[in-house]
Amino acid sequence: MKNLRFKDFFWYPDLTSTAGYDAIIQYLSDGKRTCKEVEDFMKARASIEERYAKDLLGLSKKVCGHNEMNTLKRSLDIFKLQTENVSLSHLQLAQSMREEAKKLEEFKEKQREARKKIEQQMDALHKQKSSQFKRTMDSKKTYEQKCRDKEEADQNMNRNTNTNNTKLVDKLHLKAQQAKQSAEEADKLYQQNVISLGKIRDDWLKEHINACEIFEKQSAERINFLRNTVWTHLNQLSQQCVTSDELYEEVRRSLEQCDIQEDVEHFVNLRRTGEKPPAPVVYENFYTGQMSPTGRPPTRLPPPAVRRGPLPDPTQNNRDDGRRSFEEDGEYSVIQY
């Protein structure tokens with residue numbers, strides 16, 4: 001299948017029309033706008049990566065497992081370190097994206113400068129072509145009018161050929177001669193303008209074909225450059241994922257080395273305070289000084305065991321002696337139940 005080319009499909013029947021050329025220029029303008037949009041997109045993505053990296057860097061500085069110890073502490077320290085490294089890699093990614101956006105901006109500017117020269121040449125040719133076409137068409141109208149004037153003058157002269165008025169005949173003859181001369185001058189000017197317009201048209205055709213080839217080449221370069229730019233952008237993002245995964249893998253490997261039993265035993269050995277529990281607290285009676293072997297106080301004090309002496313002599317009615325005999329009894333308690 002034959003490749004379709006700009007130079008073969010952007011003509012127009014009207015010599016003064018720029019419809020085909022304008023269609024190409026509009027396409028190039030849309031392409032330039034696409035470049036700007038991709039450039040702005042990448043700059044915005046770079047800013048997002050930079051903000052994310054700075055927030056991540058701040059997060060990596062926060063306290064995390066400060067009071068932990070041994071293997072888990074090492075894992076948490078590596079976790080924070082690799083989080084910091086991930087943030088730094090995102091900063092590098094943001095810088096790489098800005099560099100790619102800068103390349104795209106420079107490419108866009110380079111194409112704009114090259115296209116500007118061609119557009120200036122073509123605009124000048126379009127104006128020259130339109131101006132010369134107008135002059136040619138005006139000279140054509142003048143030429144046609146002069147030809148009609150000449151024919152009219154010839155007809156008037158022929159109608160009055162047999163008249164006896166010599167002065168009128170001479171006047172008509174002179175007028176016919178002048179009309180003929182004017183028609184010949186108009187014809188000459190018209191031919192000159194047609195020749196000039198033909199040369200301008202040839203120059204315009206040549207420049208139009210040249211512009212089409214240059215613009216088509218620029219379009220191909222732009223499409224290829226944008227394609228490669230987006231491809232590189234995606235490679236950067238993929239590489240960032242690989243880098244982040246490698247950094248996170250360091251944390252996973254550290255966690256694999258985290259030994260739960262070892263950390264528990266490490267704490268025991270570091271902070272041990274003794275191997276024997278405290279003795280139970282025993283109950284001590286305030287009055288007797290006796291201790292309960294179980295250490296648990298009774299819920300209620302039992303009545304003291306009292307050894308009673310022989311029955312008193314009923315013939316004796318001395319209460320004081322009786323009271324005194326109780327007080328002298330060592331087993332006697334004054335607590336009443």
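If you check GLN121, GLN82 for being at pLDDT below 95, assigned to a helix (DSSP H, G or I) and open to solvent by 60 Å² or more (accessible area, probe 1.4 Å), only one passes: GLN121. Examine segment 89-110 for a residue that is over 21 Å from ARG227 (Cβ atoms) and of a type in the set (A, V, I, L, M), and state whether such a residue exists. So far as segment 89-110 goes, yes, one or more of its residues are over 21 Å from ARG227 (Cβ atoms) and of a type in the set (A, V, I, L, M).
Results for (1) at pLDDT 95 or above; (2) under 18 Å from the mean Cα position of the chain (by Cα), shown as yes or no for each residue.
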residue	(1), (2)
LEU56	no, yes
ASN70	no, no
ARG98	yes, yes
LYS146	no, no
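Restricting to segment 8-17, name every residue that is surrounded by fewer than 17 Cβ atoms within 10 Å (Cβ to Cβ) and either assigned to a helix (DSSP H, G or I) or not acidic (Asp, Glu) (or both).
Keep residues of segment 8-17 that are surrounded by fewer than 17 Cβ atoms within 10 Å (Cβ to Cβ), which gives 8-9, 11-17.
Correct list: ASP8, PHE9, TRP11, TYR12, PRO13, LEU15, THR16, SER17.
Looking across segment 194-209 at every residue that is free of Cβ contacts under 8 Å to residues at least 12 places away in the same chain and under 50 Å from the mean Cα position of the chain (by Cα), the one that is nearest to ASP14 (Cα to Cα) is identified as LEU205.
Only one of GLU37, GLU50 is open to solvent by 30 Å² or more (accessible area, probe 1.4 Å), in a helix (DSSP H, G or I), closer than 30 Å to ASN224 by Cβ and out of contact with any helix residue (DSSP H, G or I) (no Cβ under 9 Å at 6 or more places or on another chain). Can you tell me which?
Details: GLU50 fails: out of contact with any helix residue (DSSP H, G or I) (no Cβ under 9 Å at 6 or more places or on another chain).
Matching residue, one of GLU37, GLU50: GLU37.
The set of residues in segment 178-198 that are under 18 Å from GLN155 (Cα atoms), of a type outside the set (D, E, K, R) and open to solvent by 30 Å² or more (accessible area, probe 1.4 Å) comprises GLN178, GLN181, SER182. Among residues that are within 30 Å of THR16 (Cβ to Cβ), under 60 Å from the mean Cα position of the chain (by Cα) and hydroxyl-bearing (Ser, Thr, Tyr), SER131 is included. Taking segment 76-124 as the range and being closer than 27 Å to ASN210 by Cα, without any contact (Cβ under 8 Å) to a residue 60 or more places away in the chain and of a type in the set (S, T, N, Q) as the test, only GLN120 passes. Within the set GLU262, GLU250, GLU256, the sole residue that is out of contact with any Cys (no Cβ under 7 Å at 6 or more places or on another chain), modelled with pLDDT of 90 or more and open to solvent by 90 Å² or more (accessible area, probe 1.4 Å) turns out to be GLU256.
Each row is one residue, and each column tells you yes or no for (1) within 30 Å of GLN121 (Cβ to Cβ); (2) part of a helix (DSSP H, G or I).
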site: ALA211; (1), (2): yes, yes
site: LEU226; (1), (2): yes, yes
site: VAL230; (1), (2): no, yes
site: SER244; (1), (2): no, yes
site: LEU247; (1), (2): no, yes
site: LEU255; (1), (2): no, yes
site: ASN269; (1), (2): no, yes
site: LYS276; (1), (2): no, no
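The values are calculated or read from the model by the stated rules, or taken from the named source; none is laboratory data. Computed from a predicted model, the values in this text were never measured in an experiment. Ideal geometry is used to build each Cβ from the backbone, glycine not excepted, and the neighbour counts take in all protein chains shown. Just the protein is used for accessible areas: all its heavy atoms, side chains included, with ligands, DNA and RNA removed. Shrake-Rupley method; radii C 1.70, N 1.55, O 1.52, S 1.80 Å.
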